[in-house]
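Let me begin by presenting the structure, written as structure tokens, before commenting on it.
The values are calculated or read from the model by the stated rules, or taken from the named source; none is laboratory data. Just so it is clear, the model here is predicted, and its values are computed rather than measured. Virtual Cβ from ideal backbone geometry, glycine too; neighbours counted across all protein chains shown. What goes into the accessible areas is simple: the full protein's heavy atoms, side chains included, and nothing from ligands, DNA or RNA. Shrake-Rupley method; radii C 1.70, N 1.55, O 1.52, S 1.80 Å.
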Amino acid sequence: LAQSLFALFASSLAISLVFAIIPLCHNVVVLAVVMAVAGLAMGCIDTISNMQLVKIYQKDSAIFLQALHFFVGFGALLSPLIADPFLSDTNCILSNSTANASSNLPHIRKSLVPHHPGNLSHYDLPMKGMVVTRVSYAFWIMALINLPVPIAVFFLLYKERMVPCFNSSSHPLLSADELAMETRPGEKDDLSTAAQRPPAAGGHDDLFSCCQSKNFRGASYTYFAVHITGALVLFMTDGIVGEYSGFVYSYAVEEPLSVGHKVAGYLPSLFWGFITLGRLISIPVSYRMKPATMVFINVVGVLITFLLLLIFSYSVVFLFVGTASLGLFLSSAFPSMLAYTEDILQYKGCATTVLVTGAGIGEMVLQLLVGSIIHDRGSYSFLVCGMIFGGLAFTFYAFLLFFHRMYPKPPSDLDDASPDKAAVPDDTGQYQR
């Protein structure tokens, strides 16, 4: 827990520093390095926050994962609204030809399509002159908005007596009475037997204990198959989120739809808005519905939506309806799959790292793949790729269900134990250090 909180503190602080530094970068190599640091920090936050929620709440983690990812979507929806007032509709470089360049911007935007770009040499864009832009303020505002996060994490470390310099002066969040209630006398025998269990039931003491080879000894092939198929489902679903939000604008402005640029600009916002709405709805739904059922609804809904988008590919109205529908179905795929996979593997936290990594790779790779295909085959291939990825997600989910049936059941002593008893050794062990 201490390692995770220190990593969260360092990563969240790094994001504020990165956003503050970005406007000061005047070299593309320096900017690339700064953005790489931001990517590493965000990857740490994504993995650790998911993994700790699974460890702490175990069978109840589905609700908390849905809440976590609701705020992920809410942030993705909110941040463009913060940046929008500082974005200019005119050229940011003042020169004698600024007026002509500003009037040319709408035509240039229309010419800059994903494939077969037109000849832009006849547009006069000034490259030298006084730079006038307010976009830096957007980055600094985001840096300030994020700053309370590392402060809150540091406060948690301080209250839990995990900061070496302040060990004696702080009071833990859990009092001695509450700790005594968590370790009731009647459960001491359970704690002693739990401490003698083999390392396979562990994985909580060290942040990297999941990667140790001793945990893989004697594991059946279904153990690895569950990890791989779960990661492949998220590879596809998160990849669809990335490629759809990245290319739906380009698809809309081209033939046969030829949607106006301003109207097409609402499509990514609509997509993220319904992802956020879907995650908010999923918080109470996950309390009643099993994660496996929610993932099934997600992948089937994505497949049907892409099929209807292909059938009604000439309808602008259905493009907006399909975008909203796709956002709803994709919204809870990640947290539901995480909860389902960890449930199969008895909440050891190891699957979280594999699934988060698979989702991140999918979001990166599928955008590159779809971008190159659109460049060669035209905009219609955008929907065809989505249909193929949705079909693959459904196929991998079917394999996951199969391997779940083949996966060995936990021992009977764990089945008979209450959720509170199962959670005691890890949680209380962390607080008592």
**Prompt:** For L78 and T395 in the same chain, what is the full-extension length gain: residue separation times 0.36 nm, less their Cα-Cα distance, in nm?
**Reply:** 110.7 nm
**Request:** Determine the shape class of the stretch 220-409: with a ≥ b ≥ c the square roots of the Cα gyration tensor eigenvalues, call it rounded for a/c under 1.5, and otherwise prolate if a/b is greater than b/c, oblate otherwise.
**Result:** prolate
**Request:** Would you mind telling me the share, in percent, of accessible area of the stretch 220-409 contributed by carbon and sulfur at probe 1.4 angstrom?
**Result:** 72 percent
**Pair V316, V384: separation of 7 Å Cα→Cβ label points (nm)** = 2.6 nm
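Order the peptides 328-337, 153-162 from the highest to the lowest mean number of other Cβ atoms within 10 Å of their residues. Kindly include the intermediate steps, with their values, before the conclusion.
Values: 328-337: 27.0, 153-162: 17.6.
Put in order of decreasing packing, that is 328-337, 153-162.
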**Message:** So, R0 is 41 Å and r is the distance between the beta-carbons of S258 and C165; what FRET efficiency does that work out to, to 0.05?
**Reply:** 0.05
